[in-house]
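Read-outs throughout are calculated quantities, based only on the coordinates presented, and are distinct from any laboratory measurement. Values in this document were obtained by computation on a predicted structure and should not be read as measured data. Virtual Cβ from ideal backbone geometry, glycine too; neighbours counted across all protein chains shown.
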Amino acid sequence: MCTVIVHVPADPEAPIRLLAVRDEDPGRAWDPLGAWWPATPDVVGVRDTRAGGAWLAAHPGAARLAVVLNRADLLDDADATGSRGHIVLSAVAGEALPASPPVHGFNLVEVTPGRARVSMWDGSSVRSLDLPPGTHMIAHDDVDDSQTARIVAWRNAFGEPGEGERWWEGWLAQLADTAELEPTDDRAIIRDNRPYGYPTLSLLVCAASVSADGAQVVYGELDEPGRWNTLDLR
């Protein structure tokens, strides 16, 4: 039940900014932002140690970034034989999604210069949407979903990101404001999803910027899963 915030500027040459909060089982090992894939040494990302894929990955020189969020689906485990993390690696390699990905449901956010695209797979079909200018939020249902409490509560509050080298600081301050809610509150972005039947808590935050100049990603981990603390992304 991750959360991603994307700002698409009206000027297609201006950078697209993204803030991503990862929710995962703290017992499932991951590797922090780094170059973990010898076959693609120019790719950096947050690696899922178990399956070898990525939650978020970027090819800085090619100016491509992708991040995946879980989504409810219609598939049995026997029909979902792959890892969603490898969908991310394929995306930053510039590969198109297959018509029927052999994985459980997902929302895949892909960012290239001037374009942010969300592909939604529910086990039946893939739907894709290019995001128009503005600030958008994605969680476990549709983009800017009016039935997702955290999107209703906070989408308008994030607005445009800041300027300068540390443009993400304003968004982090807003994220801190959202964390005044208990992590079990349905409106919370920094989350403890265990009361909802999922063993996942918010673990880390990434901010990314993509333009014709390349892709930049910075990273920070929460000291305690599901509990906010001040982050210095780097």
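Across the range 3-221, what fraction of all alpha-carbon pairs, as a whole percent, falls in each successive 10 Å bin from zero upward?
Binned Cα distances yield the sequence 8, 36, 40, 15, 1.
Could you pull the Cα extents of the range 126-181 along its three principal axes, largest to smallest, in whole Å?
36, 27, 16
Just to be sure I follow: if Rg is taken over the C-alpha atoms of the range 50-143 and Rh is the Kirkwood radius over the same atoms, what is Rg/Rh?
0.95
Compute the Rg to Rh ratio over the range 15-64 from the alpha carbon atoms, using the Kirkwood formula for Rh, and round to two decimal places.
Result for the range 15-64 is an Rg/Rh of 0.99.
Apply the Kirkwood formula to the range 1-117: the hydrodynamic radius equals the inverse of the mean of 1/r over all pairs of different alpha-carbon atoms; give it in Å with one decimal.
Details: mean 1/r = 0.0675 Å⁻¹.
Computed over Cα pairs of the range 1-117, the Kirkwood hydrodynamic radius comes out at 14.8 Å.
Give me the base-10 log of I(q)/I(0) for the range 99-143 at each q in 0.14, 0.19, 0.32 Å⁻¹, Debye formula, one uniform scatterer per Cα, rounded to two decimals.
Listed by q, the Debye log ratios stand at -0.33, -0.59, -1.26.
Whole angstrom only: what separates the Cα centroid of the range 4-64 from the Cα centroid of the range 161-234?
Using only Cα atoms to place each centre, the spacing works out to 14 Å.
So for VAL152, VAL210, VAL118, fewest C-beta neighbours within 10 Å to most, what's the order? Could the numbers behind the result be given before it?
Working: VAL152 15, VAL210 25, VAL118 21.
With the fewest neighbours first, VAL152, VAL210, VAL118 line up as VAL152, VAL118, VAL210.
Helix-only estimate, please: 222 nm mean residue ellipticity of the chain, summing -39500 (n - 2.57) across DSSP H runs of length 4 or more and dividing by its residues, to the nearest 500.
So the helix-based figure for the chain works out to -3500 deg cm²/dmol.
For the range 101-216, take N as its residue count and report Rg(C-alpha) divided by 2.2 N^0.38 Å. Present the calculation step by step, with values, prior to reporting the outcome.
Details: Rg = 15.3 Å, N = 116, 2.2 N^0.38 = 13.4 Å.
With N residues counted in the range 101-216, Rg over 2.2 N^0.38 Å equals 1.14.
How big is the charge dipole of the range 1-63 about its Cα centre, in debye rounded to the nearest 20, if each Lys and Arg gets +1 on its Cβ and each Asp and Glu gets -1 on its Cβ? It would help to have the intermediate numbers written out before the result.
Numbers: 5 positive and 8 negative charges, 29 e Å.
Result for the range 1-63 is approximately 140 debye, rounded to the nearest 20.
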